[in-house]
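Chemist: Here it is, the structure in full.
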């Protein structure tokens, strides 16, 4: 590690709350990889809902509103001891950043030194232990992530990638695209009609591309101000996010719903699902509490999938899709790491399509 500095720039999350909990520092110790780990020089790190939700403690069961309401100041009603996505207490300070693209610059004692110099993507959701137990670690939550010049991860979770994409473009992929691919993988999407909510966001725009890759017809819900961008991402039809879906599409007209929004309009998603249809979710940006008529669930023989845990094949598939240029990055804007607050403010305003990326 002779060419690696002792100190680095990083953003420390010092507790749950508002932007004041994000502390940019240039004197943070560069981590040393454990025996089974690699040290990565970070080339880019995307901004994601999960980073903001963790900062604000939105994952706490005591919070019942949408994610944006507390995005600036946090949530006064949040309980700190269940404020992380895993429902457990989070250790501070923490370096967040669920996305990372970079270069391996050092390895632990048990890792072949030939890995040094590899360009890698780091898994966001890291499956650990018995896969039947659905145990995961999230980059930037249970362990330090990409909002720094250097980060470590277990060698198994740093996947080598051979692509002509830039670091910024690759850094837009891990969290959003693995979440989207996980949703499609769990709900077994094929050449069907798929409805995607929150379609202009990082996960939503990724889900459009990945569903189209599987041969699906994609109906996207988004603000109509972003209609052209969503169509350019591959959607076949774009409807206003507040549209009456039965009036626009008809009842029982959709095979699969990929939902990232939930909130007050949630029940109509089930109305447009066909009998035997599937509903998959990994987000609730409009609010986590919904009105479910259980009769709709059982009388229509619907299947529900909550999607957080990811089989290894999900991220492995993403690397293959990139290397074979079957998908494309959608980067709206980049920021230096020190401007993380400006980046998160822009993220919460939702005036862009795709991803915002920090450059350490």
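Any read-out appearing in this document is the output of simple, stated calculations on the displayed coordinates, not a laboratory observation. Here the structure is a predicted model, which means the values were calculated and not measured. No Cβ is skipped: glycine too gets one built from the backbone with ideal geometry, and neighbour counts run over all protein chains shown.
Chemist: Mean-square fluctuation check for the chain, GNM, Cα pairs under 10 Å: which of 252, 89, 27 is largest?
Modeler: 27
Chemist: Sort 221-231, 203-213 by packing, meaning the average of other beta carbons within 10 Å per residue, with the highest value first.
Modeler: Highest-to-lowest ranking by the protection proxy: 203-213, 221-231.
Chemist: What is the fewest-to-most order of 52, 258 by other Cβ atoms lying within 10 Å of their Cβ?
Modeler: On the way: 52 21, 258 33.
Ordered from fewest to most neighbouring Cβ atoms within 10 Å, 52, 258 come out as 52, 258.
Chemist: From the square roots a ≥ b ≥ c of the eigenvalues of the alpha-carbon gyration tensor of segment 20-99, which class results: rounded (a/c under 1.5), prolate (a/b over b/c), or oblate?
Modeler: Judged from the Cα gyration tensor, segment 20-99 comes out prolate (a/c at least 1.5, a/b above b/c).
Chemist: Could you tell me how many degrees, from 0 to 90 and to the nearest 10, lie between the Cα long axis of helix 202-213 and the main elongation axis, the longest principal axis, of the Cα atoms of the chain?
Modeler: Once rounded, the angle reads 70 degrees.
Chemist: Write down Rg/Rh for segment 180-306, rounded to two decimals, with Rg from the C-alpha atoms and Rh from the Kirkwood relation over Cα pairs.
Modeler: Rounded to two decimals, Rg over Rh is 0.92.
Chemist: Over the chain, with a Gaussian network built from C-alpha contacts below 10 Å, which listed residue (294, 272, 28) shows the highest mean-square fluctuation?
Modeler: Checking each option, the largest mean-square fluctuation is seen for 294.
Chemist: Running a GNM on the chain with Cα contacts under 10 Å, which residue among 217, 345, 21 ends up with the highest mean-square fluctuation?
Modeler: Among 217, 345, 21, the largest mean-square fluctuation in the Gaussian network model of the chain belongs to 345.
Chemist: Report the FRET efficiency, 1/(1 + (r/R0)^6), for residue 27 and residue 213, where r is their Cβ-Cβ distance and R0 is 35 Å, rounded to 0.05.
Modeler: Step by step, r from the Cβ atoms, then E = 0.20.
Chemist: Could you line up 125, 151 from fewest to most neighbouring Cβ atoms inside 10 Å?
Modeler: 125, 151
Chemist: Taking Cα centroids, how far is segment 286-360 from segment 264-282 in Å?
Modeler: Their Cα centres are 18 Å away from one another.
Chemist: What relative contact order, as a whole-number percentage, does the chain give when Cα pairs under 8 Å and 6 or more residues apart are counted?
Modeler: Details: 888 pairs, mean separation 66.0, N = 360.
Contact order relative to length: 18 percent.
Chemist: Okay, next question. Rg (Å, one decimal) plus Dmax (Å, integer) for the alpha carbons of segment 157-246?
Modeler: Values for segment 157-246 (Cα only, Rg and Dmax): 13.8, 45 Å.
Chemist: Calculate, in whole percent, how much of the Cα-Cα pair population of the chain lies beyond 29 Å.
Modeler: Pairs farther apart than 29 Å: 38 percent.
Chemist: Calculate the radius of gyration of the Cα atoms of segment 141-208 to one decimal place, then report Dmax, the largest Cα-Cα distance, as a whole number, both in Å.
Modeler: My reading of the Cα-based Rg and Dmax gives 14.6, 43 Å.
Chemist: Can I ask one more? Provide the packing ranking of 8-20, 238-250, i.e. peptides ordered by the mean count of other C-beta atoms within 10 Å per residue, highest first.
Modeler: 8-20, 238-250
Chemist: What ranking, highest mean first, results for peptides 167-175, 36-44 when packing means the other Cβ atoms within 10 Å averaged over each residue?
Modeler: 167-175, 36-44
Chemist: If you average 1/r across every pair of different Cα atoms in segment 87-227 and take the reciprocal, what Kirkwood value do you get, in Å?
Modeler: Final number for the Kirkwood radius of segment 87-227 is 16.9 Å.
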